[in-house]
Amino acid sequence: MKFIADFHIHSPHSRAVSKDMTLENLDNWARIKGIQVMGTGDFTHPAWFSELKTKLDLAEQGLYKLRGSSFEATRFLLTVEISSIYKKNGKVRKIHNLIFAPSLEIVGKINRELNLIGNIKSDGRPILGLDSKDLLKLVLNISPDCLLIPAHAWTPWFSIFGSMSGFDSIEECFDEYAKYIYAIETGLSSDPAMNWRLSALDKITLISNSDSHSLRKIGREANIFDANLSYIGIAEAIKNPRGDNKMLDTIEFFPEEGKYHYDGHSAHQIRYSPEETKKHQGICFSCGRSVTVGVMSRVEKLADRPVGFHPNSAVSYKSLVPLEEIIAEALGLAGVHSKAVNENYQNMIGVFGNEFKILLEASIEEIEKASKPEIAEGIRRVRERKLRIEPGYDGEFGKVKIFEKDELKKRFKAEKHASLFCSSMGVELP
C-alpha cells in the first residue's frame with residue numbers, strides 16, 4: 001500500500017506549540033494535507049499519554065485511529081522526541097532523538113523507566129541527563145521493536161552531527177549500540193543530496209518529518225512508503241527501504257529555506273556561506289563573536305565525497321514549497337495569513353482532495369483550471385526547481401522567491417488591460 005507519513009510533531013504539552021494540535025485536529029489536517037500516518041509526538045507526557053489511551057483505538061498492528069472514526073481515518077504511530085543533555089568524551093552533548101514504539105503498553109513501560117531518571121511531566125519533549133546510547137539501550141530492553149532515530153541530525157545546537165554539541169559519527173555517539181541505528185532524520189536545513197556526501201551514511205536510511213508545532217506545518221517534510229500499513233511494515237521499510245516493504249521517496253523542504261542552512265549571526269544580520277566563514281575565520285565582522293556554524297558547513301567538514309555524488313541504492317526525494325506559500329506569492333501577498341490565500345487554498349483542496357495531490361500529482365493544466373494561472377505557474381516552477389532562495393541562518397528561515405521582482409505586477413497589469421479591453425468590446429474573458 002502506498003501512503004505518506006509524518007512521524008515527528010509535537011502536542012500542546014510542548015513549549016511553543018499551538019493549543020490546536022489536538023488529536024481531532026491532527027486527524028482532520030492530515031487528511032487535508034494527504035498524510036495517512038501521523039506520529040503522535042510527546043508520548044512521554046502524562047497528560048498526552050492519557051489522551052492517547054482514552055481517544056485512540058488499535059486499527060492495524062502498532063497503528064491507532066481516533067475512537068469511533070471511519071476506516072479511512074488517519075493512523076497514528078506512537079512517537080516522542082527526547083532531549084538528552086550529558087557529557088561525553090570531555091564535551092557537553094545536546095542530542096535530540098526520536099523514539100518509535102509499537103504499542104501503548106510498551107509506551108507505558110518506557111514512561112515508567114524514564115520517570116525514574118528525570119522529569120517527564122515538565123514538557124512534551126522532556127530534557128533528560130541521559131546518554132543517547134543509554135536511552136537506546138533502555139528502550140530496546142523494553143522492546144526490541146522500538147526504533148531510535150537521531151532527530152534533525154545536522155541542527156547546530158541539538159543534534160547528533162550538530163556543530164555546537166554533536167559528534168562526528170554515529171559510532172562516536174552510540175558506541176557498540178550504533179548497529180541499532182537504522183535511520184537519521186535529515187531536518188529542514190539539509191536534504192538527502194547533502195547527506196549522500198558521507199559514505200558513512202550509505203547504510204543509514206534518511207527520513208524526513210515536519211517537526212511541526214502547528215497544524216498548517218504538518219507535512220512540510222514527510223515520507224512516502226509502499227509497505228504494509230502497520231508498525232512492523234513501516235519499521236521494516238526504514239530498516240531496509242529496498243525490501244518487501246519499501247520507502248519510495250522523502251518529501252523535502254528546499255534546504256536553503258531551513259533556518260540553519262548557512263552560518264551566521266542573526267543579531268547583526270550576518271549570513272555566511274561556508275567559504276565566507278573560512279574567509280572570516282568563523283567570526284562575525286560586526287561584533288567579533290563566533291558565528292553559529294550551520295548545516296552546510298558541517299556537512300562540508302564531515303563529507304568524503306564531492307557535491308553531486310549519488311549512491312546507487314539511495315532513496316529518491318522531492319523538494320516542495322508548501323501550497324499556501326505558493327498561493328501567497330502568486331497573488332502578490334506578503335504572507336499566508338490572508339482571506340484570499342485561505343479561499344484559494346480551500347477551493348483547491350475541494351477540487352483535488354488534498355495538498356500533496358496538488359503539489360505532486362495534478363497536471364499543471366488541471367491546476368490552472370481549478371485556480372489561477374499564476375498559482376499553476378508557481379507550482380510548475382517549484383517542480384522544476386526554478387526559484388531563488390536567500391538561505392536561512394542562525395535561527396532565521398530562508399526566503400523563497402518563485403517569481404522575479406515586478407514580474408507579477410506586469411502580469412497583473414497586462415490582465416487588467418486585457419479585461420478592460422474585452423469589457424469595452426462587450427466580450428467576456430474565459
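The values are calculated or read from the model by the stated rules, or taken from the named source; none is laboratory data. These numbers come from a predicted model, not from an experiment. Methodologically, a virtual Cβ is constructed for each residue, glycine included, from the backbone with ideal geometry; neighbour enumeration extends over all protein chains shown.
Quick notes on this one:
- Selected residue [touching a residue at least 24 places away in the same chain (Cβ under 8 Å) and out of contact with any Leu (no Cβ under 7 Å at 6 or more places or on another chain)] from L148, L130: L130
- Looking only at segment 191-223, and only at residues there that are surrounded by fewer than 22 Cβ atoms within 10 Å (Cβ to Cβ) and closer than 30 Å to K19 by Cα, the one that is nearest to the chain's Cα centre (by Cα): K217
- Residues located in segment 201-216, provided they are at negative phi and touching a residue at least 40 places away in the same chain (Cβ under 8 Å): D202, T205, L206, I207, S208, N209, S210, S212, H213, S214, L215, R216
- Subset of segment 335-392 [in a helix (DSSP H, G or I) and of a type in the set (K, R)]: K339, K357, K369, R380, R381, R383
- Residue within segment 103-112 that is free of Cβ contacts under 8 Å to residues at least 12 places away in the same chain, out of contact with any helix residue (DSSP H, G or I) (no Cβ under 6 Å at 6 or more places or on another chain) and in the same structural domain as S212 (by TED's automatic domain parsing) present: yes
- Check on K259, of a type in the set (D, E, K, R), in contact with a strand residue (DSSP E or B) (Cβ under 8 Å, 6 or more places away or on another chain) and free of Cβ contacts under 8 Å to residues at least 24 places away in the same chain: no
- Qualifying residue in segment 299-318 (condition: outside any strand (DSSP E or B), of a type in the set (V, I, T) and either free of Cβ contacts under 8 Å to residues at least 40 places away in the same chain or more than 30 Å from R242 (Cβ to Cβ) (or both)): no
- Subset of segment 238-277 (residues that are among the small types (G, A, S), surrounded by fewer than 23 Cβ atoms within 10 Å (Cβ to Cβ) and over 21 Å from A193 (Cβ atoms)): G243, S266, A267
- Test: residue in segment 229-250 that is of a type in the set (S, T, Y) and over 18 Å from R75 (Cα atoms): yes
- Any hit, segment 163-181, residues being over 19 Å from A314 (Cβ atoms), crowded, with 17+ Cβ neighbours inside 10 Å and within 19 Å of the chain's Cα centre (by Cα): no
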